[in-house]
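Just so you know, all these numbers are worked out from the coordinates, no wet-lab data involved. The model shown is predicted, which means the values in this text are computed figures rather than measured ones. Cβ placement follows ideal geometry from the backbone for every residue including glycine, while neighbour counts extend to all protein chains displayed.
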Amino acid sequence: MVAGFSDATNVPIAPVIRSSSLCSIKSNFLNLIHQADITVNGKSIEQCQPFINMARHFQLISEMSENDLKTLGHSVGFAPTLDNPRSARCQPTYASTAKASGNGYSNNRTFGSTSDVQTGIPTTSLAFGNAAGQYKIGRYVDLSNYASGIYGGTGLMLGSNLNTEFRPYYTTSGNLMIWHDYGVIKLNYFFESLN
């Protein structure tokens, strides 16, 4: 995923520190597949309808118990707890600083703020944030702002090493924020023939 900030005149500006918590893949990895089919020797064996990802997502969150969510959910991209509305915000007017979640409706605020009153929700409930979003963001290693000696310039926490191990990380390039993520998508959730 790639994102960026701009000023009031749409000129790109540098990301602020701790911007790594701005984006993550929501809900689960099944949402990444829109439509698919199985073809063997040129013959279509099984097809999934468009938007099957939404139906399977609803099916999973309806059928998984709390224990399933905690023990198996991470394998398909769920957090141990379900998403909640505390991460949703609406920025009705243009924000001149990089602190806003974006213009219009966004659902990416993982951490609450006692001073944030954009939604009119009492600030005491915002202080806890969204635990599901915090879990997702916690998967990423932030390579953009590490101090020398913590990760080390030639240490284990290099993007190339993390890529080799399929571990998510966040970095910046110029004025862009870049999230590298990996997800396991079990096709038996889409195709009964593979179950």
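What base-10 log of the normalised intensity I(q)/I(0) is obtained for the range 5-59 from the Debye formula, alpha carbons as equal point scatterers, at q = 0.13, 0.19, 0.31 Å⁻¹?
Here log10 of I(q) over I(0) equals -0.60, -0.77, -1.15.
For Ala55 and Asn163, what is the calculated FRET efficiency with R₀ set at 25 Å and r taken between the beta-carbons, to the nearest 0.05?
Computed FRET efficiency for Ala55 and Asn163: 0.15.
Between Thr9 and Ser173, how high is the FRET efficiency from 1/(1 + (r/R0)^6) when r is the Cβ-Cβ distance and R₀ = 22 Å? Nearest 0.05.
E(calc), rounded to 0.05, equals 0.50.
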